[in-house]
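S.K.: Can you read through this structure? Questions will come right after.
The values are calculated or read from the model by the stated rules, or taken from the named source; none is laboratory data. As the structure is a prediction and not an experimental result, all values here were calculated from the model. All Cβ positions, glycine included, derive from the backbone under ideal geometry; neighbour counts span all protein chains shown. Each accessible area value is taken on the protein alone, full model and side chains, heavy atoms only, with ligands, DNA and RNA left out. Shrake-Rupley method; radii C 1.70, N 1.55, O 1.52, S 1.80 Å.
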Amino acid sequence: MADVVDLVSDGEPGDDAPGPTRAELKPTTCSHEAAWFKQLFCSPDEVEDSSIPEECVEKFQDLIWNTPHDRMVPGYGMTPKELACVSCEGRQGWLVTSHFYWLSRCINNQQKHTRFYVFDPTIREASIEKLLLNKTSSQIKQIVFVLSVGRHDNGLVFLGTDKVPGDHWSMAVVDIHSGVLTYCDTLGWPQPSKFLPIVIRYTSYLGLTDEKQITLRLAHKPNHEQHVCVDSCTNYPLQTCSDVCGIITMVCIAIAALDKNLFELLLKSQQAHVYLTDPTLYSTYLRHVVLYWLSNNHIDMSRISLKKGYDAFAIPTSADKGKQSMKRKIHEETNGFSNVSTPFKRKMSQASSNAKLDDYILEAVETGTKKEDLVQQVASLFAPQARKSLESLNEEMISCYQDIFFNEAIERDKDDNLSLKSHVKDFIGYLPENVNPIIMYKNQGKEMKTLQKEDIILAIQTPFQKEMMKDYGKKCLCVDLTRRREDDKYHLYSVLVFVEGEVEVPVAWLITNRSDSLVLALFFKILRMNTGPLHTEIFIGDIAASFYKSWSLHFG
């Protein structure tokens, strides 16, 4: 993302001694990074090798934690803080230009047919000449660029500079033989203004001297604020979060240079079933691959390339459908009812009033019912039924909770451990047999494989909530984090479903003093054990998609 440079003072003039290590200077930040390394993440099944060697992870940790914070890490051209962006999510996980300079050195040293550069709109002719006019220039078949771009409020995309930095990464590939310039953006943005003339400044040294010799191709045709694919769009990755563009662009650049077949697959418009089409879901895995590269100072494609014989165009089995990402398509077959040529009034039996609304509308469309008639029929048949369902739901909720009462002394003991234990004991003792809603409980003082002694976890799901989640969670499900103040010791996670599209119903709660993806993944694991498998059409979570990643580990 944006190229941010920190000015670090080494101390007094003449004092050239290195400062403390980053672990000594920023212990809290490093502890958060340590938690990130412990979290579970999705690994693709279709790659040659999805394992990340533990010794590589430990070497990377040593680089970011035990190197002086005010010195460049030898061999990388980055400070420990910049290196550590790879092992963070959210804004802290935005890559900077230094990452791509390192990638450029690796790729250009590992092969001769592709040259990869950071696209510089202010570059001088002498600098380009130095890059491209050398002994190996005759072997160059393609040039790959990474671009720092931004977008104005009016939708115009611009090239980032030192004065006006960009906040998003994209890439472009120029085929020297065919003159095809492919622009790839994970948000579906168009190419930036003044892009082509600057490309010509590079390619003129390799025979492409005029814009007429260049054919521009977009991986995704720009159309909406959030891109929606059309038939001409390719399988190039589309992100659904704010922090993966640098990582997936780095990976796709390596693919373009070192795995021609996979890159050609990503640029096909035929729907392919490959993990890279959902970079948000696999972002933590991709970050581990990049840190694996960094720890070895070498680009190894075995963790990215597909297995030999893998058919990306084969229809996935039902077990795999939840894992496969699809291009975001516009469904054009239901634009309205004006084109139906033989409308007639449908006769409804008594049994059909119990049909699902979606099936009823689909049948009406297939048989040619007029729009006006369909609206009237739906209102008369389904509105009373929906109203009764809501009234019944409200009565169930009231009867479920009206008798529940806790002691007014919320803090029963100054020791949180004893206070919580007292509440849980009373709660369980109040309930009838076989309806215990406590699905997970861990108090302070006990250490588990994934939890520390000081961690407190209380997860609740009543039998009623379990059934509501199974029934309504198939359509839409939301995970929300509530914290009243920054200094609150406890966090409340709520899992909610939407009844009839307008009533939010909580179907599970997690109360904990520890808020990270590891705890959340454990909560979702227990939920799945309690409710069974569940595939939801719409998942609503946090902006960094960490809730979604944890959810996908257990529910798909």
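S.K.: Residue 271 to residue 373: extension gain in nm, 0.36 nm per residue of separation minus the Cα-Cα distance?
M.R.: 33.0 nm
S.K.: A further question follows. Can you tell me how much longer the chain between residue 215 and residue 488 gets when fully stretched, taken as 0.36 nm per residue apart minus their C-alpha distance, in nm with one decimal?
M.R.: Result for the pair: 92.6 nm of gain on full extension.
S.K.: Turning to a different aspect of this structure: Out of all DSSP beta bridges in segment 22-314, what portion is antiparallel? Express it as a percent rounded to 5.
M.R.: 65 percent
S.K.: For labels at residue 43 and residue 540 in the simple 7 Å Cα→Cβ model, what's the distance in nm?
M.R.: 3.5 nm
S.K.: Which pairs break 29 Å Cα to Cα here: 26/525; 163/549; 112/212; 112/307? Write out the running numbers ahead of the final one.
M.R.: Numbers: 26/525 33 Å; 163/549 36 Å; 112/212 27 Å; 112/307 25 Å.
With Cα atoms farther than 29 Å apart: 26/525; 163/549.
S.K.: Still on this structure, please answer the following. If you average the alpha carbon positions of segment 75-93 and of segment 261-309, how far apart do those two centres end up, in angstrom?
M.R.: 20 Å
S.K.: Which peptide among 461-470, 226-235 comes first, and what is the full order, when sorted by highest mean count of other Cβ atoms within 10 Å?
M.R.: Details: 461-470: 18.8, 226-235: 16.9.
Averaged packing, sorted descending, gives the order 461-470, 226-235.
S.K.: Distance between Cα centroids, segment 186-206 to segment 100-137: provide it in whole Å.
M.R.: Using only Cα atoms, the two centres lie 15 Å from each other.
S.K.: Once fully extended, how much extra length lies between residue 362 and residue 515, figured as 0.36 nm per residue of separation less the alpha-carbon to alpha-carbon distance? Don't skip to the answer; put the middle values down first.
M.R.: Values: separation 153, 0.36 × 153 = 55.08 nm, distance 4.35 nm.
Contour length minus Cα-Cα distance gives 50.7 nm.
S.K.: In nm, give the distance between the simple-model label positions of residue 447 and residue 112, each being 7 Å from the Cα along the Cα-to-Cβ direction.
M.R.: The modelled label-to-label distance comes out at 5.7 nm.
S.K.: Which percent of the accessible area of segment 22-314 is formed by carbon and sulfur heavy atoms (probe 1.4 angstrom)?
M.R.: Numbers: 6260 of 12450 Å².
So the carbon and sulfur contribution to the accessible surface is 50 percent.
S.K.: How much FRET efficiency would the formula 1/(1 + (r/R0)^6) give for residue 502 and residue 88, where r is the Cβ-Cβ distance and R0 is 51 Å, rounded to 0.05?
M.R.: After rounding, the FRET efficiency stands at 0.85.
S.K.: Let me ask something else about it. Quick check for you: with a 1.4 Å probe and neighbouring chains kept, what is the accessible area per residue of segment 199-250, in Å²? Provide the component values of the computation, followed by the final result.
M.R.: Working: 2180 Å² over 52 residues.
Result: 42 Å² per residue.
S.K.: Take residue 223 and residue 123, extend 7 Å from each Cα along the Cα→Cβ direction, and tell me the distance between the two endpoints in nm.
M.R.: Going from the residue 223 label point to the residue 123 one covers 3.4 nm.
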